[in-house]
Amino acid sequence: MIIDGKAIAAQVRAEVAKAVQELKGRGVTPGLTVVRVGEDPASAIYVRGKRKACDEVGIHSVEHHLPATTGQAELMALVRRLDADPSVHGILVQLPLPDHVDEEPVLEAIDPAKDADGFHPFNVGCLWTGKPAPRACTPWGVMRLLAEAKVELKGKRALVVGRSNIVGKPMAAMLLEQHATVTVAHSRTTDLAGEVARADVLVAAIGKAEIIRGAWVNPGAVVIDVGMNRRPDGKLVGDVEYGPAAERASAITPVPGGVGPMTIAMLLKNTVDLAARRR
Ligand code: NDP
């Protein structure tokens, strides 16, 4: 089975659009404010995509685009103003920030109740302790893909390759919450092929083109490829060698069209959930 992230993301967006209409009926227009600093071209594209997605579901989006010279104090003052503004339900600070700005205190200045990305340490703590809170969008999107594909996780061996704060670690927490037996592999893992061969569910979030060979995949495993890598020939590929992996897997996500579309869909969901909770 090829897990169709585009179709599932469209379904999530439709659900969000419905929730937005309900909130509007009660006098609340969900609002997402995006803060972008400097001229990073990829960030400009991502922010445009996020704002367009907001428009499509009826979320009011605002962008604060600050010059690259913006200082730490000025940026944190803006975040605090947004924290205090009742029309702002979700705040997202687009990363990366310029080198002279320390990202951590900026992200920590976001009110956890407005943390659209789910990166605030308070919300990370909520995830690990099973409390409702906004969740990191990419791994939460993966969980939705697994649910839609009716993948049973209870008692299954799940392997997450990658331990970043935005994908690998929250992914491990979410799989554990669903009763999988979770292993997290990373750059110091000594036998990646062996770990992959034992996994019933594999989530690859590494950022290295096709580093996981198809022949390693446990026959019948479910393969979720978060990686997005541009090959020298210009082709966008995942972290898993797709063709041979697809022959062994029972279900697999393509790149593009798998996990990618889910990330923005779950950002919209976080925003509407924050607006509903605030109300
Ligand atoms: P990071 O660079 O933050 O983390 C990469 C992880 O991979 C690290 O934990 C690193 O280990 C591990 N790693 C590196 N090399 C190896 C190796 N040879 N064997 C095993 N593990 C290794 O990346 P992100 O988590 O931010 O992103 C991962 C991928 O997912 C990227 O391709 C990114 O583009 C993509 N992505 C896609 C999204 C989407 O919407 N589809 C959203 C976010 C990310 P160590 O900790 O030891 O350094």
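The values are calculated or read from the model by the stated rules, or taken from the named source; none is laboratory data. Being a predicted model, the structure only gives us computed values, none of them experimental. All Cβ positions, glycine included, derive from the backbone under ideal geometry; neighbour counts span all protein chains shown. Protein only, heavy atoms only, side chains kept; ligands, DNA and RNA dropped before computing areas. Shrake-Rupley method; radii C 1.70, N 1.55, O 1.52, S 1.80 Å.
Here the contact order of segment 49-176, divided by its residue count and restricted to Cα pairs under 8 Å and six or more residues apart, works out to 17 percent. Under a 5 Å amide H cut-off, with hydrogens placed 1.01 Å from N, Thr181 pairs with Gly155, Lys156, Arg157, Ala158 among residues at least 5 apart or on other chains.
For a Förster distance of 30 Å, can you work out the FRET efficiency between the beta-carbons of Arg213 and Glu56, rounded to the nearest 0.05?
On the way: r = 39 Å, r/R0 = 1.28.
The pair Arg213/Glu56 has a calculated efficiency of 0.20.
Overall, the accessible surface of the chain at a probe of 1.4 angstrom is composed of carbon and sulfur to the extent of 55 percent. Entry note, the chain: relative contact order of 22 percent, from Cα contacts under 8 Å with a spacing of 6+ residues. Subtract the Cα-Cα distance of His179 and Lys6 from 0.36 nm times their separation in residues, and report this length gain in nm to one decimal. Extending this stretch completely gives an extra 59.6 nm. Sorting Glu74, Glu195 by accessible area puts them as Glu74, Glu195; the probe is 1.4 Å, largest comes first, and only protein heavy atoms count.
The slack in the chain from Ala42 to Gln72, taken as 0.36 nm per residue of separation less the alpha-carbon distance, amounts to 8.6 nm. Packing order of peptides 45-53, 214-222, 269-277, highest average first: 269-277, 214-222, 45-53 (average count of other Cβ atoms within 10 Å over each peptide's residues).
About its Cα centre, the dipole of the chain is roughly 720 debye, where the only charges are +1 on Lys and Arg Cβ and -1 on Asp and Glu Cβ. A straight chain from Lys18 to Arg230 at 0.36 nm per residue would run longer than the Cα-Cα distance by 72.8 nm. Here the label points at Arg26 and Thr189, each 7 Å from Cα along the C-beta direction, are separated by 4.2 nm in the simple model. In the elastic network of the chain, a GNM with C-alpha springs shorter than 10 Å, the most mobile of Asp115, Asp239, Asp55 is Asp55.
On a per residue basis, segment 1-145 carries 47 Å² of accessible surface, using protein heavy atoms and a 1.4 Å probe.
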